[in-house]
Amino acid sequence: MTIDLILFFGIAAIAVISAISMLVSRNAVYSALFLVLNFVAIASLYLLLNAAFIAMVQVTVYAGAIMVLFLFVIMLLGAEKVETGPSLPWQLPVAILLGLVLIAEFAYVLFGRVTQIGGELAGVGEGFGSPASVGRTLFDQYLIPFEVTSILLLVAMVGSIVLTRDDRKESR
Amino acid sequence: MNVPTDYVLALSAFLFVIGVLGVLVRRNAIVIFMSIELMLNSANLALIAFARAMAPGTEALRGHVLVFFVIAVAAAEVAIGLALIVAIFRTKRSIDVDQVSSLQG
């Protein structure tokens, strides 16, 4: 058992436990903080998988910006605990059954396939996954999608402002 | 790094199932939304694992670029989705998805 495997299993345990805690905690603020822990654990997995640039993007964009937006909305609405009414009695058993079916399908696809990927992994070259190499691939081959993404972000910005605008005051 | 790709794929599949269970079980719209983010993230993990599996080739970095685009689209999706949740809260005074049943026959 190499040091890589020990690291992997430790980080994977953190990721799975934080995801399950996110699922079962009754307070939405705790759920958001557990999800931040999950995202940071997956970012360190990206580092183990030689994806340094993506790991940094994950920490700044996901664990930083997106989760701050979630926490902001939760505290703005005061919506930490909403599930008060009676729930459907069959909801939890059916959900667990469907989850087990999905796990079985994943296991069948993962262990029952004909062609094995990987096995012993080859070494990576110098600078694999660094900002320079990812940026070169991005701007050499994917320049048009990159520019379209900027338009998408602009549309999302305008759309969220329009959706949350309080237009009752303007009609007076 | 000598972790087999299968292990990373198994972890990714497990996180995806946890996200699906969150969508099916919880009724707080914000927690449902966070479960969707968890699913997107597990798909990203699978993409990075595949990119590592075909590592020495230059095509492998395309997986990283795809993950980059997924993160950008997820940011836009979160902005729009949270704006929708705020708008629903303004009219219904609740974000329990069981309460949002005005269209029920």
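Within the stretch A:123-149, the set of residues being exposed (fewer than 11 other Cβ atoms within 10 Å of the Cβ), at pLDDT 90 or above and within 9 Å of chain B (Cβ to nearest Cβ) is empty.
Answer with yes or no whether B:Arg27 is surrounded by fewer than 16 Cβ atoms within 10 Å (Cβ to Cβ) and under 29 Å from A:Tyr30 (Cβ atoms). So B:Arg27 fails the test.
Screening B:Ile32 on (1) part of a helix (DSSP H, G or I); (2) of a type outside the set (Lys, Arg); (3) at the interface with chain A (Cβ under 7 Å from one of its Cβ atoms); (4) surrounded by 18 or more Cβ atoms within 10 Å (Cβ to Cβ) shows it passes everything except condition (3). Exactly one residue among A:Ala19, A:Ala28 is under 12 Å from the mean Cα position of the chain (by Cα), at the interface with chain B (Cβ under 10 Å from one of its Cβ atoms) and more than 15 Å from B:Ile71 (Cα to Cα), and that residue is A:Ala19.
The values are calculated or read from the model by the stated rules, or taken from the named source; none is laboratory data. A quick note: this is a predicted structure, and the numbers were derived from the prediction, not measured. Positions of Cβ are backbone-derived with ideal geometry, glycine not excepted, and every protein chain shown enters the neighbour counts.
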